[in-house]
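The next block holds one structure in the form of structure tokens; read it before the comments.
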Amino acid sequence: SLKAGIVGLPNVGKSTLFNAVVENGKAQAANFPFCTIEPNVGIVGVPDPRLHVLSDISKSQRAVPASIEFVDIAGLVKGASQGEGLGNKFLSHIREVDSILQVVRCFEDNDIVHVNGKVDPKSDIDVINLELVFSDLDQIEKRMEKLKKGKAKDSQSKLKEEAEKSALERIREALMDGKPARSVTLTDFEKDAIKHLCLLTMKPIIYVANVAESELAEPGSNPYVKEVMNLASELQSGIVTISAQVESELTELPSEERTEFLKSLGVSESGLGNLIRATYSLLGLRTYFTSGEKETKAWTILAGMTAPQAAGVIHSDFEKGFIRAETVAYDDFVAAGSLAAAREKGLRREECVKLFREF
Ligand code: GDP
């Protein structure tokens, strides 16, 4: 499944948020085919009301949501890119995730020490951003050295090396300016040529502004949140406001009391749902469903994937041996009430090797 890495300076609320994620995952565990959760990995289902509607129509024995794996990458501190402490190990963990969630402290609490002495979202974001930038710069320098020597064997690989060089030169310039690699406009060919480097600042970041529970209903009134919003748009990143404290308290309540608790705070939904949705939208992810008596299941694909690629998410054999897929748009299926009825009305579609449409 999709991997999101939680990073942030010490004492900003990472473990509080991560533990809430794990508790949430445990509560849903009955729906999941997997049960082993490593100490720093938590898996949660992606909330999607369509899953249950489909499952009811098909009288499925179970409904399996799409899932996101949250990885707690604690220990990313100033100096990580210089290999201080365990720094480099943490950076290599970040290399493996699809997106980064940086928890940023926006709550005041004199009892909880801030590493820099005061709540300062800009400095928190700069510190982590710089570590990622340094690490990328270092990697690019090394790669450029190799590219200088490297003699491509044929014209195709020569073209690719040229594209890589040109892309890396522009990225290096942006990084020197403190800007992330993702801010550089690249062609698809260039993107492909540098993919193997897994640059850290290429990964989408969502800033998770951790606010006091009293501010959850109106996060905009918190000047720290405003600061994070501005930085997020500058750095082409997403932002989600949550209260890690509230998420943690929610997991201790029986489910029937949760709605009431959220209402008392002036919000209608837990922040975790928002966080998952933001991750989905930032990564350009889409969902399709398979639905039958045995199970209704949500599958995650990237926007723009072809039908065979989408089928390959279920099993790689489906991609290799793909002939065609029979699909029905969600609204059509629900309106018709069954696959047979949808077929009769001619609402069934056939997807061959063309682009997969949004359901
Ligand atoms: P980490 O070092 O980033 O993993 O931070 P922790 O999750 O351990 O949190 C550090 C301290 O801040 C703990 O005592 C938490 O209870 C507290 N904390 C976390 N989130 C909030 C919050 O939203 N409001 C308040 N007041 N305290 C919080």
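Just so it is clear, none of the values below were taken in a lab; they were calculated from the coordinates. Since the structure is predicted, the reported quantities are computational estimates derived from the model, not experimental observations. Glycine gets a Cβ as well: all are built from the backbone with ideal geometry, and neighbour counts include every protein chain shown.
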Exercise. Have a look at Val133, Val53, Val225 and tell me which one the Gaussian network model of the chain (Cα, springs below 10 Å) gives the largest fluctuation.
Key: Val53
Exercise. With springs connecting C-alpha atoms under 10 Å apart, model the chain as a Gaussian network and identify which of Thr187, Thr327, Thr201 has the largest mean-square fluctuation.
Key: Thr187
Exercise. Report relative contact order for the chain in percent, whole number only (criteria: Cα-Cα under 8 Å, sequence separation at least 6).
Key: 19
Quiz prompt | Local electrostatic count at Leu282 - Lys and Arg +1, Asp and Glu -1, tallied over other residues with Cβ under 12 Å | solution = +2
Quiz prompt | Kirkwood-based shape ratio for the chain, expressed as Rg/Rh from alpha carbons | solution = 1.00
Quiz item: Which residue, chosen from Ala167, Leu262, Gly45, occupies the Cα position most advanced towards the positive end of the dipole of the chain, where the dipole is computed from +1 (Lys, Arg) and -1 (Asp, Glu) charges on Cβ about the Cα centre?
Solution: Ala167
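Rounded, prolate or oblate for region 267-359? Axes are the square roots of the Cα gyration tensor eigenvalues, ordered a ≥ b ≥ c, and the cut-off for rounded is a/c under 1.5.
Values: a/c = 2.03, a/b = 1.27, b/c = 1.59.
It comes out oblate by the Cα gyration axes.
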Practice problem: Report the one residue of Val334, Leu282, Ala307 whose Cα lies farthest in the direction of the positive end of the charge dipole of region 273-359 (charges on C-beta: Lys and Arg +1, Asp and Glu -1; origin at the Cα centre). | Solution: Leu282
Exercise. Please build a GNM for the chain, connecting alpha carbons under 10 Å apart, and tell me which residue among Lys151, Lys179, Lys26 fluctuates the most.
Key: Lys151
Self-check item: Simple Cβ-charge dipole of region 2-282, Lys/Arg +1 and Asp/Glu -1, about Cα centre, in debye nearest 20
Solution: 1400
Quiz item: Rounded to the nearest 0.05, what FRET efficiency do Lys122 and Leu253 have when you use their Cβ-Cβ distance and R0 = 25 Å?
Solution: 0.10
Exercise. With a point put 7 Å past each Cα toward its Cβ, work out how far Lys263 is from Arg170 in nm, to one decimal.
Key: 5.3
Quiz item: R0 = 41 Å: FRET efficiency of Glu145 with Arg343, Cβ-based, nearest 0.05?
Solution: 0.10
